[in-house]
Each structure stands twice: as structure tokens, then as C-alpha cells.
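*Asks:* Okay, here's the structure, questions in a sec.
The values are calculated or read from the model by the stated rules, or taken from the named source; none is laboratory data. Remember, it's a predicted structure, so these values are computed and weren't measured experimentally. Glycine gets a Cβ as well: all are built from the backbone with ideal geometry, and neighbour counts include every protein chain shown. For accessibility, only protein heavy atoms count, side chains too; no ligands or nucleic acids. Shrake-Rupley method; radii C 1.70, N 1.55, O 1.52, S 1.80 Å.
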Amino acid sequence: LAKTTQPISMDSYEGQEVNITCSHNNIATNDYITWYQQFPSQGPRFIIQGYKTKVTNEVASLFIPADRKSSTLSLPRVSLSDTAVYYCLVGFGGSQGNLIFGKGTKLSVKP
Amino acid sequence: GAVVSQHPSRVICKSGTSVKIECRSLDFQATTMFWYRQFPKQSLMLMATSNEGSKATYEQGVEKDKFLINHASLTLSTLTVTSAHPEDSSFYICSARATQETQYFGPGTRLLVL
């Protein structure tokens, strides 16, 4: 079971790039890394997923070093609407790693 | 991405009554769905794994007779909170496994037990 560790909170300003790092030292060979965004009173929303190196989509990038013991979610040019809690989950299939939520990172974007 | 819906979005009930929450995967089939509970300012806590055509698997400390789960089809799982009490008031969220590595979440159901 890959346990994840993230910063509890981060502050940023509109237009800045935000990088949130997640540590997962005991990630297993088959495990994928998935990031979710959650607004108050809403279910988590899938942001991005990766296995190794770099993944980019229309909203974010995910950087995974060769040892895969950590990952970094990069949000380019954040806006006020990006204020939310961000969770990283690590796991695959029947493993519960991708079902166990840590405390997440509360990102506050200021004008 | 895949879409998961929940109904109702919000429910208020009297203590002692039962409440049913539906979770549907709208554009994909899900043999496995999950139910979570989230209290204010806390993270999501996994309650149970719902398997189509078989019994649900409950996490330690979750009463299976209180939280009844039925996964009758590949697109529908229901959670029934039986004899609800004020301490059951919470935000209930379901998710559906679209692939081995990815689950998509519903919008959540706010339950308030008076």
C-alpha cells in the first residue's frame, strides 16, 4: 500500500505556475499516480494520471522522476477558480493504494 | 472523462428513517464501484467496495447492516443508510472504476439527519 505525503497547504497568486509535490516512497511496480481536484461539497474531479516521465493534458502536467518515489503536479497560470484541495493517489487495480485518500493539499489562489 | 452521477444531491431525513442513495455510471460500465464518506474539513474515507453481482466488501469499522449496498447492474450501485441517526450526517461520495488504474467520482450526496 503506497502511502502518499503532500504539503497541507500552498498559497499562490493568479497567473503563477503552481507545483504540488507528492511523495510515495513505497510505490509498487504496477502502480499509477493519479491526481484529483476537489471543490467544497463536490466529488473529486480527475485531473491527470501517469506512470513515468511526463504527462501533459489541457489543464496540467505531471512530472515523475525515474525512481517514481515522488511526483509533481504542475498547474500553469492558476486562476482564482483553481482554489481547491488536490489529492494524489497511487495504486493499481485491486490494490487499495488508489482508494486511500491522504489529507491532500489545499491550494489558495489570491488575486 | 467518464461521467458518474448521484441521486439525490441532498437529503434531509428524520432520525430512525432509511435513506437510499443511487450511484450511476452514465457512459461506461463499472463492475466495481466504491462508496466514500467525507466529514467537514476532512479527507474522503473509503466505506465499502461494491461489486456487481456479489456482496459488497466493507472497510473495518463500517457496519454492513447499517450501510446496505446493492450493485444490481453494471451501471448502478445503491447505498442505503438504515435507521439513520444524526451522527450519520455526512457527505457521501461514490466512484466507479473505469479501468484498472482509474476511478471517476460522482458529485456527492449531502445527508442531514435531524
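*Asks:* I want to confirm something. Restricting to the range A:19-35 and keeping residues that are outside any strand (DSSP E or B) and under 14 Å from A:Gln6 (Cα atoms), which single residue is farthest from the other protein chains (Cβ to nearest Cβ)?
*Replies:* This residue is A:Asn25.
*Asks:* Also: For the range B:36-46, which residues satisfy the criterion of being in a loop (DSSP other than H, G, I, E, B) and open to solvent by 80 Å² or more (accessible area, probe 1.4 Å)?
*Replies:* B:Pro40, B:Lys41, B:Gln42
*Asks:* So which of A:Thr21, A:Thr53, A:Thr34 ends up being over 13 Å from A:Phe92 (Cα atoms), among the hydroxyl-bearing types (Ser, Thr, Tyr) and surrounded by 14 or more Cβ atoms within 10 Å (Cβ to Cβ)?
*Replies:* Going through A:Thr21, A:Thr53, A:Thr34 in turn, the sole match is A:Thr21.
*Asks:* OK, next. Go through (1) part of a strand (DSSP E or B); (2) closer than 28 Å to B:Leu114 by Cβ; (3) of a type in the set (A, V, I, L, M, F, W, C) one by one and return the number of the condition B:Met33 breaks.
*Replies:* (2)
*Asks:* Of all residues in the range B:47-83, how many are aliphatic (A, V, I, L, M) and open to solvent by 20 Å² or more (accessible area, probe 1.4 Å)?
*Replies:* Going through the range B:47-83, the residues aliphatic (A, V, I, L, M) turn out to be B:47-48, B:56, B:62, B:68-69, B:72, B:74, B:76, B:79, B:81.
Okay, now just the ones that are also open to solvent by 20 Å² or more (accessible area, probe 1.4 Å), so B:56, B:62, B:68-69, B:72, B:74, B:76.
Result for the range B:47-83: 7.
*Asks:* Shifting gears a bit: Which count do you get for residues in the range A:1-18 that are open to solvent by 80 Å² or more (accessible area, probe 1.4 Å) and not in a strand (DSSP E or B)?
*Replies:* 6
*Asks:* Let me ask you something else. Would you point out the residue of the range A:37-50, among those that are open to solvent by less than 80 Å² (accessible area, probe 1.4 Å) and among the polar types (S, T, N, Q), that is farthest from the other protein chains (Cβ to nearest Cβ)?
*Replies:* Among those residues, the one meeting the criterion is A:Gln37.
*Asks:* Looking only at the range A:36-56, which residues are more than 17 Å from B:Ile93 (Cα to Cα) and assigned to a strand (DSSP E or B)?
*Replies:* Of the range A:36-56, the ones more than 17 Å from B:Ile93 (Cα to Cα) are A:47-56.
Across the range A:36-56, the qualifying residues are A:Ile47, A:Ile48, A:Gln49, A:Gly50, A:Thr53, A:Lys54, A:Val55, A:Thr56.
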